[in-house]
Amino acid sequence: MSAARIGTGFDVHRLVDGRPLMLGGVRIENPRGLQGHSDGDCLLHAVCDAILGALGAGDMGAHFPSTDARWKDVPSLRFLERVAQLMDEAGYAIGNLDATIVAQGPTLAPHLGAMRQRIAQVLDAAADTVSVKAKSTDGLGALGRAEGIAAQAVVLLRRRD
């Protein structure tokens with residue numbers, strides 16, 4: 001295996017009434033949350049897919065299928081913990097991770113630091129190797145109408161010494 005590997009991930013979920021909003025493993029006060037088989041945390045799902053892609057290990061659907069009742073309403077931090085274990089077993093660590101959340105609302109800036117810390121902690125990475133940003137679409141499209149939230153991530157894995 002090479003000394004460095006790159007992966008990308010993307011996820012999007014619809015906002016619905018009656019669910020908590022979880023992003024980056026952080027609960028955010030909002031009247032609507034993300035619909036999904038698990039807790040719907042699209043940021044963690046994008047991060048997981050980026051790491052799995054860098055490892056050449058498929059995607060979240062292969063590891064945590066929504067057809068499997070074991071994953072119903074599971075906190076996505078559990079998925080990230082398992083993906084971190086796979087990364088470790090393969091001999092890799094985070095070189096850096098850059099993620100972007102795309103949402104019209106709620107305002108996410110006050111929560112980005114907590115998301116960054118939570119992700120870094122689970123991945124056993126230094127906080128300065130993890131970046132989490134938030135952008136809006138300025139009212140354009142389904143995300144601009146606040147129908148859902150999307151996230152994308154890119155990761156550079158480095159071979160552990």
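The values are calculated or read from the model by the stated rules, or taken from the named source; none is laboratory data. All values reported here derive from a predicted model rather than from experimental measurement. Cβ sites come from the backbone with ideal geometry, for glycine too, and all protein chains shown count toward neighbours. The area values use the complete protein model at the heavy-atom level, side chains included, leaving out ligands, DNA and RNA. Shrake-Rupley method; radii C 1.70, N 1.55, O 1.52, S 1.80 Å.
Some observations on this one:
- Taking Cα atoms only, the orientation of helix 112-122 departs from the longest principal axis of the chain by about 40 degrees.
- Computed from the C-alpha gyration tensor, the three semi-axes of the ellipsoid equivalent to the chain are 26, 17, 13 Å, from longest to shortest.
- Each label point was placed 7 Å from the Cα along the Cα-to-Cβ direction; for Arg82 and Asp68 their separation is 0.4 nm.
- Heavy-atom accessible surface of the chain: percent carbon and sulfur, 1.4 Å: 49
- For the chain, the longest principal axis of the Cα atoms and the long axis of helix 42-55 meet at an angle of about 20 degrees.
- Nearest-0.05 FRET efficiency for Arg27 and Leu140, computed from C-beta distance (R0 30 Å): 0.60
- Probe 1.4 Å, protein heavy atoms only - accessible area per residue of the chain in square angstrom: 48
- Dmax and Rg, reported as Rg then Dmax, of segment 108-161 (C-alpha, Å): 14.3, 47
- Placing R0 at 25 angstrom, the Cβ-Cβ distance between Gln35 and Asp128 gives a FRET efficiency of 0.15 after rounding to 0.05.
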